[in-house]
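**Student:** One structure, as structure tokens, below. Some questions next.
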Amino acid sequence: MNTDQKLNKLDDFLHTISTETTTGLGGEAGYYVFSYDPKDEMKVRHWTAREVEMLQENHRPVVEFDLYKIMTTLLVDKHPREKYEGLEMRYGSMTRVVNAANSVLHIGLPMDLMLNYIVEHIPKEDSIILLTGVGKCYPLLRSHKILNDLHDRLAQGIVLMMFPGKYEDGYLYLFGEVKDGNNYRAKLSKGTRNGGTDMNIGQMFAKPINRDIKPVVKPGQVDDATVKLELQEYVVTQELQKHFAEFFSNYRLGIGANTDRIGVWISGFFGSGKSHFLKMLSYLIDDDEVDGKPALDYFIEDNKIESQKVLDDIRAAESVDTDVILFDIASKSRTSSAAKRDVITMVFLRAFNEKLGYSYQYPRMADLERKLDVRGETRKIP
């Protein structure tokens, strides 16, 4: 079906659908995606302008939101246009530009400027809401975020996104190539496929629900496959946003300056995520790459950290040459030790010696190896 045929079906759909009876699974507004060939962008723009006029003439409550116009207006309202020019050249990374723009707009936060603008400018609760300008926003704004966040704010009406690309199996492919994200609430509009379609439970999630995930996170498991999986699957909750901010803010104080605040105590109930959080801190501090890229890149790609300041603090920590020693105290301890009050200290010493390549079972032997090393008398035994 070509774009003209799709638009004809969409016209029938918009003039006959009821905004009062069209709702999602939870009684919220009905969400639809109209996907079309990107090369027909101008044709779709002209059609949308005419369609809005026709709907208004027929006394149908309809409003069009050009996401690009809204985004640029809000950005310029916050800072002069000159401040945004040359950001990519200055940062050397488009990812940082995207993060900066999302930070200014508070995307995904309760004070999301884009979302608040749309909600505040809807004329009636049962309106037909057309979202356009999606392609122009890339890569600064991802359309699936707007759709998902609107779900929590609108209780009635119809939301239709005009999407230049493909919408298949719950995924949006901008321009037919760029995977924009997963929007599990939206349906294909009748202009895209005859009769539209609903989704099964598996399609409600961004990742396959039958993938292998380790039930328990252990500090001692640091092989490449495990580290990559943990970085990909880690979810940073609002509470963890605060913990990451507090940790790296204080960590940065010790970079380039003396401080006696060198210890961090992580406490919580069994299963609360202490080990997982600890491992994430170690991966972010360490400068080793995981499958060809730094640990922070996994966080940035999934927008795990909301604050640009926290990201800057993490980058500062990453820039320092750091060796991480991650171990399980129970696996390193020797319960037969007579000086039980010194057990923790001895465990730390064993782990430290092992990291340096010395004997971790016999501290006295490690001490001898260290002295020989200092004197330059250490030789490899054939």
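**Student:** Suppose we filter Tyr31, Tyr36 for residues that are under 25 Å from Pro164 (Cβ atoms) and at pLDDT below 85; which single one remains?
**Tutor:** Tyr31
**Student:** Here's another thing I want to ask about it. I'm checking my understanding of the structure. Among residues of segment 12-28 that are farther than 24 Å from Leu174 by Cβ and outside any loop (DSSP other than H, G, I, E, B), which one is modelled with the lowest pLDDT?
**Tutor:** Looking at the filtered set, the residue picked out is Thr23.
**Student:** Related question: State which residue is surrounded by the most Cβ atoms within 10 Å (Cβ to Cβ) when the search covers only segment 269-300 and only residues that are assigned to a loop (DSSP other than H, G, I, E, B) and of a type in the set (Phe, Trp, Tyr).
**Tutor:** Phe269
**Student:** What about Ile266, is it surrounded by 12 or more Cβ atoms within 10 Å (Cβ to Cβ), within 21 Å of the chain's Cα centre (by Cα), assigned by TED's automatic domain parsing to the domain that holds Val235 and not polar (S, T, N, Q)?
**Tutor:** No, not satisfied.
**Student:** Follow-up. Against the definition (closer than 30 Å to Lys274 by Cα and either in a helix (DSSP H, G or I) or at pLDDT 65 or above (or both)), how does Ala245 come out, yes or no?
**Tutor:** yes
**Student:** Need pairs with beta-carbon distance below 7 Å; first residue in the same structural domain as Met162 (by TED's automatic domain parsing) and within segment 28-51, second polar (S, T, N, Q) and buried (at least 20 other Cβ atoms within 10 Å of the Cβ); sequence gap 6+ or separate chains.
**Tutor:** What qualifies is Tyr32/Ser189; Val33/Ser189; Phe34/Ser189; Phe34/Thr192; Ser35/Thr192; Thr48/Thr132.
**Student:** Which of the residues that make up segment 116-158 are closer than 16 Å to Ala101 by Cβ and in contact with a Phe, Trp or Tyr (Cβ under 6 Å, 6 or more places away or on another chain)?
**Tutor:** Gly133, Val134, Lys136, Cys137
**Student:** Among the residues of segment 96-137, how many are in a loop (DSSP other than H, G, I, E, B), surrounded by fewer than 21 Cβ atoms within 10 Å (Cβ to Cβ) and touching a helix residue (DSSP H, G or I) at 6+ places or on another chain (Cβ under 7 Å)?
**Tutor:** Residues flagged as in a loop (DSSP other than H, G, I, E, B), surrounded by fewer than 21 Cβ atoms within 10 Å (Cβ to Cβ) and touching a helix residue (DSSP H, G or I) at 6+ places or on another chain (Cβ under 7 Å) within segment 96-137 amount to 4.
**Student:** If you don't mind, another one. So which pairs qualify, if the first residue must be in segment 1-24 and assigned by TED's automatic domain parsing to the domain that holds Asp126 and surrounded by fewer than 10 Cβ atoms within 10 Å (Cβ to Cβ), the second must be at pLDDT 85 or above and not in a loop (DSSP other than H, G, I, E, B), the Cβ gap must be under 8 Å, and the two must be at least 6 apart or on different chains?
**Tutor:** Between residues of segment 1-24 that are assigned by TED's automatic domain parsing to the domain that holds Asp126 and surrounded by fewer than 10 Cβ atoms within 10 Å (Cβ to Cβ) and residues that are at pLDDT 85 or above and not in a loop (DSSP other than H, G, I, E, B), there is no close pair.
To keep it simple, each residue is scored yes or no on (1) hydroxyl-bearing (Ser, Thr, Tyr); (2) closer than 23 Å to Asp323 by Cα; (3) touching a strand residue (DSSP E or B) at 6+ places or on another chain (Cβ under 6 Å).
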residue: Ile266; (1), (2), (3): no, yes, no
residue: Phe277; (1), (2), (3): no, yes, no
residue: Leu284; (1), (2), (3): no, yes, no
residue: Asp287; (1), (2), (3): no, yes, no
residue: Lys293; (1), (2), (3): no, yes, no
residue: Tyr298; (1), (2), (3): yes, yes, no
residue: Glu301; (1), (2), (3): no, no, no
residue: Ser307; (1), (2), (3): yes, no, no
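**Student:** In the set Asn258, Asn303, which member is in a loop (DSSP other than H, G, I, E, B) and either under 16 Å from Leu229 (Cβ atoms) or in contact (Cβ under 8 Å) with a residue 24 or more places away in the chain (or both)?
**Tutor:** Criteria check complete, one pass: Asn303.
The values are calculated or read from the model by the stated rules, or taken from the named source; none is laboratory data. Model, not experiment: these values are computed from the prediction. Neighbour counts run over all protein chains shown; Cβ positions are idealised from the backbone, glycine included.
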